[in-house]
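K.L.:
Have a look at this one before I ask anything.
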Amino acid sequence: MTTVHLPAPWPPTRAAPSDPPVTATPQQLAPRRRTRQILVGSVPVGGDARVTVQTMTTTPTADVDATLQQIAEVTAAGCDIIRVAVPSQDDADVLPRIVERSPIPVIADIHFQPRYVFQAIDAGCAAVRVNPGNIKRFDDKIAEISAAATAAGVPIRIGVNAGSLDPRLLAKYGKATPEALVESALWECSLFEEHGFQSLKIAVKHHDPLTVIDAYRQLAQRCDYPLHLGVTEAGTAMQGSIKSAVAFGILLSEGIGDTIRVSLSTSPVEQVKAGCHILSSLGLRPRKLEIVSCPGCGRLQVDIHRLATQVEAAFDGFPHPLRVAVMGCVVNGPGEAREADIGVSSGNGKGQIFVQGRTVRTVPESRIVEALLEEALKLTQATGAEVPGDVTDSAGAP
């Protein structure tokens with residue numbers, strides 16, 4: 001087992017001389033699976049690189065301005081790599097303009113027509129995702145694709161999806177089993193390998209987390225390609241986030257997975273935020289702003305759900321990775337609020353405000369949100385705090 005080095009508490013604790021030393025309990029993850037590394041533009045994937053977050057634009061790719069606006073939004077949310085759909089000639093034609101202006105590497109998502117693969121490579125896309133199950137005569141084009149991708153230094157993602165599995169494998173297995181997904185992916189990889197092309201990344205996606213977990217475990221044992229984790233058609237924000245967190249959490253804790261996408265029926269920004277939260281929960285990405293709030297019980301004397309929502313909205317976009325605790329229980333609230341950088345324990349129409357474990361003031365309930373923001377700003381100004389850089393993940397990557 002390898003110790004994950006968590007980010008240092010932020011802002012730095014300025015303990016009084018009489019205070020006991022503060023120590024963090026080290027978290028344990030399995031060692032990262034060692035894979036070959038590919039470069040998606042300037043972003044390394046696999047090997048000793050950190051786990052990256054991806055998403056996909058929902059705009060018509062041919063609408064260049066709208067697509068670039070969405071790319072800017074997901075980049076601000078923490079996205080490392082963006083994928084754009086290329087279902088038509090109009091979409092393929094605008095790829096050079098999008099690639100030129102995108103702040104992060106662009107992957108072209110190709111279906112149906114293999115000729116778009118070549119256009120994406122010529123456009124300067126950082127990588128190309130192909131779904132072998134729905135591209136016409138794809139296997140016949142692999143020699144040409146390998147040559148073009150090799151010349152341009154462009155990696156290929158083999159993206160196998162349960163919803164578009166090769167009919168031959170559906171007939172063999174009866175449905176999209178883990179074995180069927182893995183066989184499809186490794187078969188396609190073998191065809192590329194025949195032409196000396198190994199700059200590959202694999203994804204095998206299914207809507208069922210248990211199928212996803214089984215399939216990726218099998219892949220991890222049978223190849224050393226970097227793996228892109230995804231639960232496809234995961235669902236709405238709540239259901240999809242839970243499915244993805246379960247599958248990703250198990251796999252990443254076993255050292256499996258090099259890049260992730262949380263597929264939700266919501267905005268790409270929310271997908272990126274969910275992905276970043278999953279990674280930070282495992283110590284694989286620096287902690288950002290975190291709102292901690294109690295679930296509520298019969299002891300509450302405040303509408304904690306409303307208050308937590310107001311605090312979350314007030315701190316939206318706050319640039320420093322504080323932990324803000326919003327508590328409403330007089331039993332556990334004060335203690336839990338002390339554990340956060342900034343906290344409040346509410347009741348009897350008032351809020352007791354804590355900063356780094358110390359009570360600093362008590363305010364009326366109507367001023368709790370304002371007081372938390374004021375204390376957060378004072379704390380960050382007093383410490384001159386900056387958002388810390390990336391921490392070392394379980395593979396020792398910078």
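The values are calculated or read from the model by the stated rules, or taken from the named source; none is laboratory data. It should be emphasised that the depicted structure is a prediction, and the values quoted were computed from it without experimental measurement. Every residue, glycine as well, gets a Cβ built from its backbone with ideal geometry; the counts of neighbours run over all protein chains shown. We work out accessible area using only protein heavy atoms, side chains counted, and drop any ligands, DNA or RNA first. Shrake-Rupley method; radii C 1.70, N 1.55, O 1.52, S 1.80 Å.
K.L.:
Which numbered condition in (1) in the same structural domain as Leu68 (by the TED database); (2) in contact with a Gly (Cβ under 6 Å, 6 or more places away or on another chain); (3) basic (Lys, Arg) is the only one that Lys273 fails?
P.N.:
Condition not satisfied by Lys273: (2).
K.L.:
Restricting to the stretch 193-230, name every residue that is within 22 Å of Ala49 (Cα to Cα) and either of a type in the set (Val, Ile, Thr) or not assigned by the TED database to the domain that holds Lys243 (or both).
P.N.:
Those that are within 22 Å of Ala49 (Cα to Cα) and either of a type in the set (Val, Ile, Thr) or not assigned by the TED database to the domain that holds Lys243 (or both): Ile202, Val204, Ile213.
K.L.:
Inside the stretch 42-61, can you point out the residues that are without any contact (Cβ under 8 Å) to a residue 40 or more places away in the chain and crowded, with 20+ Cβ neighbours inside 10 Å? Give the steps one after another, and end with the answer.
P.N.:
Going through the stretch 42-61, the residues without any contact (Cβ under 8 Å) to a residue 40 or more places away in the chain turn out to be 44, 59-61.
Matches in the stretch 42-61: Thr61 only.
K.L.:
Let me ask you something else. Applying the selection to the stretch 240-287, what residues are open to solvent by less than 10 Å² (accessible area, probe 1.4 Å) and of a type outside the set (A, V, I, L, M, F, W, C)?
P.N.:
Gly240, Ser244, Gly255, Gly257, Asp258, Thr259, Pro268, Gln271, Gly275, Gly283 - these are the residues of the stretch 240-287 that are open to solvent by less than 10 Å² (accessible area, probe 1.4 Å) and of a type outside the set (A, V, I, L, M, F, W, C).
K.L.:
For the condition in a helix (DSSP H, G or I), at pLDDT 95 or above and of a type outside the set (S, T, N, Q), what is the one hit in Phe192, Phe248?
P.N.:
Going through Phe192, Phe248 in turn, the sole match is Phe248.
K.L.:
Among Leu264, Leu279, Leu284, which is the only one that is closer than 25 Å to Val74 by Cα and either free of Cβ contacts under 8 Å to residues at least 12 places away in the same chain or touching a Gly at 6+ places or on another chain (Cβ under 7 Å) (or both)?
P.N.:
Leu264
K.L.:
Can you name the residue in the stretch 141-200 that is under 29 Å from Leu39 (Cβ atoms) and aromatic (Phe, Trp, Tyr) and, of all such residues, is surrounded by the fewest Cβ atoms within 10 Å (Cβ to Cβ)?
P.N.:
The extreme case among them is Trp187.
K.L.:
Further question on the same structure: If Ser346 satisfies every condition in (1) touching a residue at least 24 places away in the same chain (Cβ under 8 Å); (2) closer than 20 Å to Ala382 by Cα but one, which is the exception?
P.N.:
That leaves (2) as the condition not met.
K.L.:
Report whether or not Ile291 is of a type in the set (A, V, I, L, M), open to solvent by less than 20 Å² (accessible area, probe 1.4 Å) and over 17 Å from Ala76 (Cβ atoms).
P.N.:
Values: of a type in the set (A, V, I, L, M): yes; open to solvent by less than 20 Å² (accessible area, probe 1.4 Å): no; over 17 Å from Ala76 (Cβ atoms): yes.
Taking the combined requirement at face value, the residue does not satisfy it.
K.L.:
On to the next question. Within the stretch 251-281, track down each residue that is hydrophobic (A, V, I, L, M, F, W, C), in a helix (DSSP H, G or I) and within 11 Å of the chain's Cα centre (by Cα).
P.N.:
Residues satisfying the conditions are Val269, Val272, Ala274, Cys276, Ile278, Leu279.
K.L.:
Here's another thing I want to ask about it. Tally the residues that are modelled with pLDDT of 85 or more and open to solvent by 10 Å² or more (accessible area, probe 1.4 Å), restricting the search to the stretch 321-344.
P.N.:
Summing the residues that are modelled with pLDDT of 85 or more and open to solvent by 10 Å² or more (accessible area, probe 1.4 Å) in the stretch 321-344 gives 4.
K.L.:
Related question: Please specify each residue of the stretch 221-236 satisfying the condition of being open to solvent by 10 Å² or more (accessible area, probe 1.4 Å) and under 20 Å from the mean Cα position of the chain (by Cα).
P.N.:
Result: Thr232, Glu233, Gly235, Thr236.
K.L.:
Anything in the stretch 345-359 that is over 13 Å from Val330 (Cβ atoms) and surrounded by 15 or more Cβ atoms within 10 Å (Cβ to Cβ)? List them, or say none.
P.N.:
Ile353, Phe354, Val355, Gln356, Gly357
K.L.:
Test each condition in (1) over 14 Å from Met56 (Cβ atoms); (2) open to solvent by 20 Å² or more (accessible area, probe 1.4 Å) for Val130 and report the one that comes out false.
P.N.:
(2)
K.L.:
Hey, another quick one. In the stretch 238-261, how many are in contact with a strand residue (DSSP E or B) (Cβ under 9 Å, 6 or more places away or on another chain) and closer than 22 Å to Arg222 by Cα?
P.N.:
Kept after step one, since they are in contact with a strand residue (DSSP E or B) (Cβ under 9 Å, 6 or more places away or on another chain), are these residues of the stretch 238-261: 240, 243-244, 246-248, 251-261.
Keeping just the survivors that are closer than 22 Å to Arg222 by Cα gives 247-248, 251-260.
Total satisfying the criteria: 12.
K.L.:
Another question about this same structure. Take Ala147 and tell me if it is more than 24 Å from Ala180 (Cβ to Cβ), among the aliphatic types (A, V, I, L, M) and at pLDDT below 95.
P.N.:
Judged against the criteria, Ala147 is not a match.
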